[in-house]
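Peer 1: Quick one: the structure is below, and I'll ask about it shortly.
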Amino acid sequence: MMRALTTCLALGATAFLVACSGGTDQGNTQAAQLATIYQQVRSNRQASAAPLPTLTPQLIAGLTVPSLEVTIEERGATAFLIPFSDRRDSGPGDLRTWRTANNVMVVLRNGVLVATRGVGNDLGSADADAAAAAVARRSPISGLHTLFYKNGTNGISTVDLLCEMRTVGSETIQIVGSSHNVVHLQENCTGTRGIITYDYWVDRRDSTVWQSRQWGGPDLGYIRTRLLKK
């Protein structure tokens, strides 16, 4: 991620940090479990030792709060977040804010990326109502995808994308040992930044976005998400 995330994501290498749960004993216990693994990952990488510890189905099953894995591809950085708030507005679907231990936030509408906070050159907001509605219906809806991002020089810049969505097909994906039957929806978007592609792997039963690859703007690049615990 960006500069503000150095304590959270260890820029420049694939590193891990678990989000806390606002200070509850239960959440802190779970954070400690994951943090132990991630500290071992760091130590093993530094020592060039193998094999590296990994997330396990047993560990995920033991969590009692939803957990989201977020990866910034260009930075090779991964973090784990838990829900901070849920709300409704005039747009389609629910808005959920996910948060790390040091208050870096990612906002999703029906699993569609609409904002980040605390990253640096943040995605201020996004108008992605067509994508959010498509996820809810589990079927393609084409339309505009507009991003407003902090450019670091003169305020807010806008990227307008004209997107055509299609159904790639029905798939079964694996996330830490759990299988999910999904519909793979893909947006192919064009604009001044060239061709941008968004992918959503949506549960065929209830529209949960289990996995995604979305563009956060020219500074953030592509962001991947995996829902570890619903």
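Peer 1: Taking the Cα centre as origin and putting +1 on Lys and Arg beta-carbons and -1 on Asp and Glu beta-carbons, what dipole magnitude results for the stretch 79-212, to the nearest 20 debye?
Peer 2: The dipole of the stretch 79-212 has a size of about 220 debye.
Peer 1: Also, I was wondering about something else. Would you mind computing, in nm to one decimal, how far apart the modelled labels at D89 and R117 are, each placed 7 Å from Cα along Cα→Cβ?
Peer 2: For the pair D89/R117, the computed spacing is 1.2 nm.
Peer 1: Here's another thing I want to ask about it. Per-residue counts of other Cβ atoms within 10 Å, averaged by peptide: what ranking do you get for 186-194, 145-153, 129-137, highest first?
Peer 2: Top to bottom by mean Cβ count within 10 Å: 129-137, 145-153, 186-194.
Peer 1: Turning to a different aspect of this structure: Please arrange S142, S67 by accessible surface area, largest first, computed with a 1.4 Å probe and ligands excluded.
Peer 2: The ordering from most to least exposed comes out as S142, S67.
Peer 1: Something else about it: What is the calculated FRET efficiency for T158 to N181, with r their C-beta to C-beta distance and R₀ = 45 Å, to the nearest 0.05?
Peer 2: Computed FRET efficiency for T158 and N181: 0.75.
Peer 1: Something else now. What does the accessible area of L161 come to, in Å² to the nearest 10, when a probe of 1.4 Å is used?
Peer 2: L161 exposes around 0 Å² with every protein chain in place.
Peer 1: Where the centre of each part is set by its Cα atoms, how far does the stretch 128-160 sit from the stretch 48-109, in angstrom?
Peer 2: 21 Å
The values are calculated or read from the model by the stated rules, or taken from the named source; none is laboratory data. Quick caveat, the model's predicted, so the values are computed rather than measured. Quick reminder, even Gly has a Cβ in these numbers, built from the backbone with ideal geometry, and neighbours come from all protein chains shown. For accessibility, only protein heavy atoms count, side chains too; no ligands or nucleic acids. Shrake-Rupley method; radii C 1.70, N 1.55, O 1.52, S 1.80 Å.
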